[in-house]
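All remarks here apply to the structure that follows.
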Amino acid sequence: MSELTDLTIASARKGRTDKEFSAKELCEAHIKTIEDANEGLNAFIVTTPELALALADVSDQKLQKGIGGELEGIPLGIKDLFCTMGTQTTAGSHILDKFTPDYESTISKNLLDAGGLMMGKLNLDEFAMGSSNETSYYGKCLNPWKRNTDGANLVPGGSSGGSASSVSARLVMGATATDTGGSIRQPAAFTGTVGIKPTYGRCSRWGVVAFASSLDQAGPITRTVEDAAIMLKVMASYDPKDTTSVDIEVPDYEKSLAGGVKGLKVGIPKEYRMDGMPEEIEQLWQQGIEWLKAEGAEIIDVSLPHTKYALPAYYIVAPAEASSNLARYDGVRYGLRVPGDDILSMYENTRAEGFGDEVKRRIMIGTYVLSAGYYDAYYLKAQKVRTLIKRDFDEAFTKVDVLLTPTTPGPAFAPGEKGSEDPVEMYLNDIFTVTANMAGLPGISVPAGLSSEGTPLGLQLIGKPFDEAGLFQVAQTIENAAGLLPAPDKWW
Amino acid sequence: MKVDEALVRRIAHLARIKVEDADVEHLKGELTSILGFVDLLSEVDTDDVEPMTSAVDRCMKPRPDVVNDGGYADDIVGNAPVKDDHYFMVPKVVE
């Protein structure tokens, strides 16, 4: 029954409706692959097979009656940043030890209501802070793809490393993920999967553990563009419980897939051509341009002059908001408590033991840039730069419909290869993705080919606010031209 | 911007994170590196620029100012490391 795990969501939905297999069979096939893989890949922090099977039984009953939902019986993974009722939610951190929510995040509820099966909670960088999934308290997650030059194990990217790894390795058909500076798109690129970060406000943040509230946005990781469209349609909703959630209709994204790119204006931002960028990234980008041109798109050079300031501005805004959001972890209301002589030392001991090094660094940077006398020089300045970054995009979108860029400045690397001496080296991974977060814009990464090391590379499309449909349309054209990547060779 | 030991300790105190002596040295280097990186912004002219306050050009929806949630104190204290009835317990604060 192993081939069941190779199906896309779209084909499984059809097979299930045609009664070629039951939801239970589909679920059992995935439980088996997860059991075989999790020791090697460490994609799941916790698996929930009993829950999944119980949900599959309900799905089969619904399907029998012909009242199955959009994702009825589809095995999904949930990033362990989404609160799930009755199932531990760790955010990859020691400080949330034993935390079990009594409520369901809006997004995971939308998925469950549509019939999705939760197979477990997926690994991530601690509090979604990282680009390699190496900062998780629950150990690093690995990429199912290996480098063919030296056979090295690779990181799956981050922070949604477990989401990307599990989808790529066929452990689940789709997964939820979140993206504050590139945490959906970068791991999607590293694992040969599709990942979309929607417009800020498109998906509810309610029940998602907060990192940087003005940048955080959730989206799906899947194996095809079509599957991403199917999943986002269910995940997106207006939610009165998130005041930044936007009340506009969720379009049927599947309808836009066949639109093609004829006559569409595609912008190529010259500032994304960075010094020292590997030749193969440049070639991939050029290939993407040729594909779209061949399908009738008009290619237009554009300029986004403030691009190089996006990442430094991000490393003020994101840590500032994180330091504020993470103030709640003090050993009083939930999670870890480490005793102290008085309440202050209890706070300090709890936070020293509960947070990992990267999280501590970011809290400290954030605390500093918000502290008395420095707020204007750092935080206010960064928010002004953000206005300029947004203005660049607004200007570009008067001339073009969508922007095409590489997703990452290079292919997946091995654990320990980046950032051990200087954290900024790791931060540079997000150089092409962080701009969309700063401006609140939607961005999608689509697999576009393999590197010289035999590992996946992605192309990114950035769209106008709430034009996810447009992104799917162009992404489908790229996927058609590039062809789907084969499944990674199983070594786990 | 060079971060010294006094600043590391001051920030750690403000952030309520206990820092071991052995960690001060590498934190000095890492924080200096990050603050050096973000200093690139000083070359941008932002004199007449408004700070961004919202990532989307939309107003938040107002809602009626009414109580519409609550009444589950058991759940609220359900995950507390130490509790007594419906209270979170902490070390003695007032002598």
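Kindly check whether there is at least one residue in the range A:273-283 that is more than 18 Å from the chain's Cα centre (by Cα), within 28 Å of residue B:55 (Cα to Cα) and either among the acidic types (Asp, Glu) or surrounded by 15 or more Cβ atoms within 10 Å (Cβ to Cβ) (or both). For the range A:273-283, residues more than 18 Å from the chain's Cα centre (by Cα), within 28 Å of residue B:55 (Cα to Cα) and either among the acidic types (Asp, Glu) or surrounded by 15 or more Cβ atoms within 10 Å (Cβ to Cβ) (or both): present.
Look at residue B:85 and say whether it is at negative phi and free of Cβ contacts under 8 Å to residues at least 60 places away in the same chain.
On the way: at negative phi: no; free of Cβ contacts under 8 Å to residues at least 60 places away in the same chain: yes.
For residue B:85, the condition - at negative phi and free of Cβ contacts under 8 Å to residues at least 60 places away in the same chain - is not met.
With (1) in a loop (DSSP other than H, G, I, E, B); (2) in contact with a Pro (Cβ under 9 Å, 6 or more places away or on another chain) as the list, and residue A:119 as the residue in question, which single condition is left unmet? (1) is the only condition that residue A:119 fails. Within the range A:401-431, being closer than 21 Å to residue A:232 by Cβ and open to solvent by less than 10 Å² (accessible area, probe 1.4 Å) holds for A:402, A:403, A:404, A:405, A:407. Is there a residue in the range B:55-64 that is within 22 Å of residue A:316 (Cβ to Cβ), within 8 Å of chain A (Cβ to nearest Cβ) and not hydroxyl-bearing (Ser, Thr, Tyr)? Taking every residue of the range B:55-64 in turn, at least one turns out to be within 22 Å of residue A:316 (Cβ to Cβ), within 8 Å of chain A (Cβ to nearest Cβ) and not hydroxyl-bearing (Ser, Thr, Tyr).
Every residue, every condition in (1) out of contact with any strand residue (DSSP E or B) (no Cβ under 9 Å at 6 or more places or on another chain); (2) over 21 Å from residue A:160 (Cα atoms); (3) among the polar types (S, T, N, Q), yes or no:
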{"site": "A:38", "(1), (2), (3)": "no, no, yes"}
{"site": "A:43", "(1), (2), (3)": "no, no, no"}
{"site": "A:68", "(1), (2), (3)": "yes, yes, no"}
{"site": "A:79", "(1), (2), (3)": "no, no, no"}
{"site": "A:83", "(1), (2), (3)": "no, no, no"}
{"site": "A:86", "(1), (2), (3)": "yes, yes, no"}
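The single condition among (1) more than 7 Å from chain B (Cβ to nearest Cβ); (2) open to solvent by 60 Å² or more (accessible area, probe 1.4 Å) that residue A:396 does not satisfy is (2).
Restricting attention to the range A:308-329, the residues that are more than 7 Å from chain B (Cβ to nearest Cβ) and either open to solvent by 20 Å² or more (accessible area, probe 1.4 Å) or within 21 Å of the chain's Cα centre (by Cα) (or both) add up to 14.
Residue under question is residue A:387, and the condition is that it be among the hydroxyl-bearing types (Ser, Thr, Tyr), away from chain B (no Cβ under 13 Å) and either under 23 Å from residue A:324 (Cβ atoms) or crowded, with 24+ Cβ neighbours inside 10 Å (or both); does it hold?
Details: among the hydroxyl-bearing types (Ser, Thr, Tyr): yes; away from chain B (no Cβ under 13 Å): no; either under 23 Å from residue A:324 (Cβ atoms) or crowded, with 24+ Cβ neighbours inside 10 Å (or both): yes.
In short, no.
When every residue of the range A:389-399 is checked against the conditions, none turns out to be among the polar types (S, T, N, Q) and touching a residue at least 12 places away in the same chain (Cβ under 8 Å). Residues that are hydroxyl-bearing (Ser, Thr, Tyr) number at least 3 in the following helices (runs of 4 or more DSSP H) confined to the range A:214-328: A:307-325. Out of the residues in the range A:100-130 that are open to solvent by 10 Å² or more (accessible area, probe 1.4 Å) and among the hydroxyl-bearing types (Ser, Thr, Tyr), state the one that is farthest from the other protein chains (Cβ to nearest Cβ). If we take residues in the range A:100-130 being open to solvent by 10 Å² or more (accessible area, probe 1.4 Å) and among the hydroxyl-bearing types (Ser, Thr, Tyr), then A:106 is farthest from the other protein chains (Cβ to nearest Cβ).
Could you tell me whether residue A:170 is open to solvent by 10 Å² or more (accessible area, probe 1.4 Å), in a loop (DSSP other than H, G, I, E, B), within 30 Å of residue A:40 (Cβ to Cβ) and basic (Lys, Arg)?
Details: open to solvent by 10 Å² or more (accessible area, probe 1.4 Å): yes; in a loop (DSSP other than H, G, I, E, B): yes; within 30 Å of residue A:40 (Cβ to Cβ): yes; basic (Lys, Arg): yes.
The answer is yes for residue A:170.
Here's the yes/no breakdown for (1) over 20 Å from residue A:113 (Cβ atoms); (2) surrounded by fewer than 14 Cβ atoms within 10 Å (Cβ to Cβ); (3) β-branched (Val, Ile, Thr):
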{"residue": "A:17", "(1), (2), (3)": "no, yes, yes"}
{"residue": "A:21", "(1), (2), (3)": "yes, no, no"}
{"residue": "A:25", "(1), (2), (3)": "yes, no, no"}
{"residue": "A:44", "(1), (2), (3)": "yes, no, no"}
{"residue": "A:68", "(1), (2), (3)": "no, no, no"}
{"residue": "A:75", "(1), (2), (3)": "no, no, no"}
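In the range A:49-62, the residues that are among the polar types (S, T, N, Q) reach residues that are surrounded by 15 or more Cβ atoms within 10 Å (Cβ to Cβ) and in a helix (DSSP H, G or I) with C-beta atoms within less than 6 angstrom, at least six apart or across chains, in these pairs: A:59/A:23. Confirm whether residue A:372 is open to solvent by 20 Å² or more (accessible area, probe 1.4 Å) and hydrophobic (A, V, I, L, M, F, W, C). Criteria met by residue A:372. For residue B:31, the criteria (1) in contact (Cβ under 8 Å) with a residue 12 or more places away in the chain; (2) at the interface with another protein chain (Cβ under 8 Å from one of its Cβ atoms); (3) more than 30 Å from residue A:392 (Cβ to Cβ); (4) among the aliphatic types (A, V, I, L, M) hold in every case but one, which is (3). Any residue at all in the range A:195-215 that is open to solvent by 30 Å² or more (accessible area, probe 1.4 Å) and closer than 27 Å to residue A:480 by Cβ? The answer is no, given that none of the residues of the range A:195-215 is open to solvent by 30 Å² or more (accessible area, probe 1.4 Å) and closer than 27 Å to residue A:480 by Cβ. Counting the residues of the range A:341-365 that are in a loop (DSSP other than H, G, I, E, B) and open to solvent by 30 Å² or more (accessible area, probe 1.4 Å) gives 2. Quick one: which helices (runs of 4 or more DSSP H) sit completely within the range A:366-476 and have at least 3 residues that are aliphatic (A, V, I, L, M) and within 21 Å of residue A:318 (Cα to Cα)? Once the helices (runs of 4 or more DSSP H) in the range A:366-476 are filtered for at least 3 residues that are aliphatic (A, V, I, L, M) and within 21 Å of residue A:318 (Cα to Cα), what remains is A:381-396, A:434-439.
Residues that are open to solvent by 70 Å² or more (accessible area, probe 1.4 Å) and in contact with a strand residue (DSSP E or B) (Cβ under 7 Å, 6 or more places away or on another chain) within the range A:291-307 comprise A:293, A:298, A:301, listed in sequence order.
Name every residue in the range A:9-26 that is assigned to a helix (DSSP H, G or I) and over 25 Å from the mean Cα position of the chain (by Cα), in order of residue number. Hits for the range A:9-26 are A:14, A:15, A:16, A:17, A:23, A:24, A:25. Checked against the criterion of being under 24 Å from residue A:334 (Cβ atoms), in a helix (DSSP H, G or I), without any contact (Cβ under 8 Å) to a residue 40 or more places away in the chain and open to solvent by 80 Å² or more (accessible area, probe 1.4 Å), the candidates B:74, B:69 yield just one match: B:74.
The values are calculated or read from the model by the stated rules, or taken from the named source; none is laboratory data. Since this is a predicted model, take the numbers as computed values, not measurements. Virtual Cβ from ideal backbone geometry, glycine too; neighbours counted across all protein chains shown. The accessibility values were calculated without ligands, DNA or RNA, using every heavy atom of the protein model including side chains. Shrake-Rupley method; radii C 1.70, N 1.55, O 1.52, S 1.80 Å.
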